[in-house]
1. Which whole-angstrom value gives the distance between the alpha carbon centres of the range 144-191 and the range 84-109?
2. Using a Cα-Cα cut-off of under 17 Å, which aspartates and glutamates could be cross-linked to LYS247, ignoring same-chain neighbours fewer than 8 residues away?
3. For the range 160-280, what is the accessible area per residue in Å², given a 1.4 Å probe and the full set of protein chains?
4. From the phi of every residue in the range 209-225, what ³J(HN,Hα) in whole Hz does the Karplus formula 6.51 cos²θ - 1.76 cosθ + 1.60 yield, where θ is phi - 60° and glycine or proline is x?
5. Out of the range 116-220, which chymotrypsin sites (Phe, Trp or Tyr not before Pro) are coil in DSSP terms and have no more than 15 other C-beta atoms within 10 Å?
6. What's the Cα-based Rg to Rh of the chain, Rh via Kirkwood?
7. Trypsin sites (Lys or Arg not before Pro), restricted to the range 205-280: which are DSSP loop and have at most 10 other Cβ atoms within 10 Å?
8. What is the distance, in nm, between label points placed 7 Å from the Cα along the Cα-to-Cβ direction at ASN43 and at ALA193?
Amino acid sequence: MVKEYRTIQPDNERFSLSGRLTKRFQNGAEGYVAANFYRNETNTYGNPNQIALSAPPAVGVERYIGTALTLPVHLKDGSLNPQNPFAAQGHVARILASTYDIPTSNTLLNENYRIAAGLNGKFNDTWDYNLNFTAGRSTLDFTRRGSIYIQHLLDVIADGSYNFIDQTKNSQEVRDYLSPNNKQTSVSEIAQAEASVSRALWELPGGPLSIGVGASWRWESIDNPSANPFSGGPTEGWLGINSFYSKGDRSVTAGYFEIAAPVPEKVELNLPGRHDSYPT
């Protein structure tokens, strides 16, 4: 940390665990199963939010928030606004404030799970085969603290419950109301399988003519929901949090072959081919 708010290097904690089991069968085949787990937690700290200088987070919010945000002359119960130093003269007071009593911080918790399995061997004493499968899942929990919720900001301005003049007098309850935690969980997944066979056909002057063919399949998905969807309207969201989201999945298939022909000694001719099919 530098002074109260700046972070030179974030707090970071890592943990990983790996395991593998391999077995050789009586027919000469060999198989394996492997698993991995990775966990990474990062904590960062930032500056307090500046209310009037925060950019409008969505279309239509300009009329609710921005540099024109003001403290009214009267609170919603009709009493004179004690937070407005110009209330007695009948003037509103524009807000240019940092919520320094509400610290900002982020926690990112990333967990990755992976399992892989494979089998290779020979059949008919001529063909070599190789089978592989892998699956993985990654989750990211993103917790943001200290961001201002727009409708709650308008509420505390209207009822005077938040003390802009002396923020040390604010209760933790009103701070939590003005700045509820924002939590977002993103998930990505992948599964893939591959099978290939190869064999030597006949002898050439430089060695055996070999051929190999194979196929693969891969499925990918992502679900990264918006951390700030404004689903309840233009004021039902947080200042300064991006509304971006992404969601989708796809399957990719491929087939390939390769022919190796060492026609003269020390010279090999190679003919490969591959076709991939993407749905996008």
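1. Their Cα centres are 12 Å away from one another.
2. Once the sequence-local aspartates and glutamates are set aside, what remains near LYS247 is ASP141, GLU189, GLU220, ASP223.
3. 60 Å²
4. After applying 6.51 cos²θ - 1.76 cosθ + 1.60, I find 6, 10, 9, x, 9, x, 8, 9, 9, 9, 10, 10, 8, 9, 9, 10, x Hz.
5. Nothing satisfies the criteria.
6. 1.26
7. Loop-located and lightly packed - LYS266.
8. So the two model labels end up 4.4 nm from each other.
The values are calculated or read from the model by the stated rules, or taken from the named source; none is laboratory data. Small disclaimer: the values here were computed from a predicted structure and weren't measured. With ideal geometry, Cβ positions are generated from the backbone for all residues, glycine too; neighbour counts draw on all protein chains shown. Note: accessible area is taken over every heavy atom of the protein model, side chains too, but ligands, DNA and RNA are not part of it. Shrake-Rupley method; radii C 1.70, N 1.55, O 1.52, S 1.80 Å.
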